[in-house]
Amino acid sequence: MPPGQRGRGRPRIYGVHRISLAKRAAHRQGWDFDEFELYGKRQVKQYKTFLATWRPAGGVIRVVIVREVDGWEVFFCTDPNASVADILGTVASRNTIEQDFHDVKEVEGAGQQQVRNLYANIGAYHLNLWAYCLVEWWAWDKPKRDICDRRDSPWDDANRRPSHADRRKALQRAGIREELSQAPGAASLPRKIWRLLKRLLAMGQ
């Protein structure tokens with residue numbers, strides 16, 4: 001065929017340098033073992049990594065296949081020079097981001113405000129984000145026993161770390177206690193009333 005001319009049919013998206021993802025993934029060679037810092041601890045993973053081409057990404061991508069006990073998982077990165085540790089670490093961090101997004105929506109109520117225009121929605125969402133940050137800041141150095149007590153919940157895991165909802169409720173209880181302690185005549189209340197108030201505050205858990 002003369003230079004500058006092509007044959008029949010649609011032109012190739014990646015020219016003659018297309019990399020087959022299916023062939024690379026199915027090849028029995030290329031597996032390796034390494035230790036990675038994932039979810040707060042060191043873990044040994046069996047993996048395979050290679051380059052492939054993917055049209056939505058606009059070209060070459062880095063693919064990582066991780067073999068697990070119950071199957072395998074596949075991840076990719078649009079930076080072909082990214083390391084396996086960077087890719088797996090970013091995937092592990094994504095769970096934290098999704099948990100934060102869940103807490104902002106479900107605990108702080110982002111998106112539930114009934115406002116009438118775009119700027120009011122933006123302002124309401126910013127307030128939800130600030131509320132989330134302030135709760136986490138308040139509980140940052142608080143011991144676990146001051147934030148939640150799971151002795152009345154035998155079905156729950158006593159060693160589970162406090163959630164954002166636990167921290168928010170602890171802050172609410174602390175605020176109520178502060179208000180009650182500063183109320184006029186609070187010091188003269190009978191002990192029975194104080195015990196009742198403490199039980200009511202404990203029900204807020």
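Here is a yes/no grid of residues against (1) modelled with pLDDT of 85 or more; (2) hydroxyl-bearing (Ser, Thr, Tyr); (3) in contact with a helix residue (DSSP H, G or I) (Cβ under 9 Å, 6 or more places away or on another chain):
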{"residue": "Asp32", "(1), (2), (3)": "yes, no, yes"}
{"residue": "Phe50", "(1), (2), (3)": "yes, no, yes"}
{"residue": "Thr78", "(1), (2), (3)": "yes, yes, yes"}
{"residue": "Val91", "(1), (2), (3)": "yes, no, no"}
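Taking the listed residues Glu108, Glu98, the one that is charged (D, E, K, R) and surrounded by 14 or more Cβ atoms within 10 Å (Cβ to Cβ) is Glu108, with no other qualifying. Within the range 97-152, being at pLDDT below 90, of a type in the set (A, V, I, L, M) and within 18 Å of the chain's Cα centre (by Cα) holds for one residue alone: Ile97.
The values are calculated or read from the model by the stated rules, or taken from the named source; none is laboratory data. Computed from a predicted model, the values in this text were never measured in an experiment. No Cβ is skipped: glycine too gets one built from the backbone with ideal geometry, and neighbour counts run over all protein chains shown.
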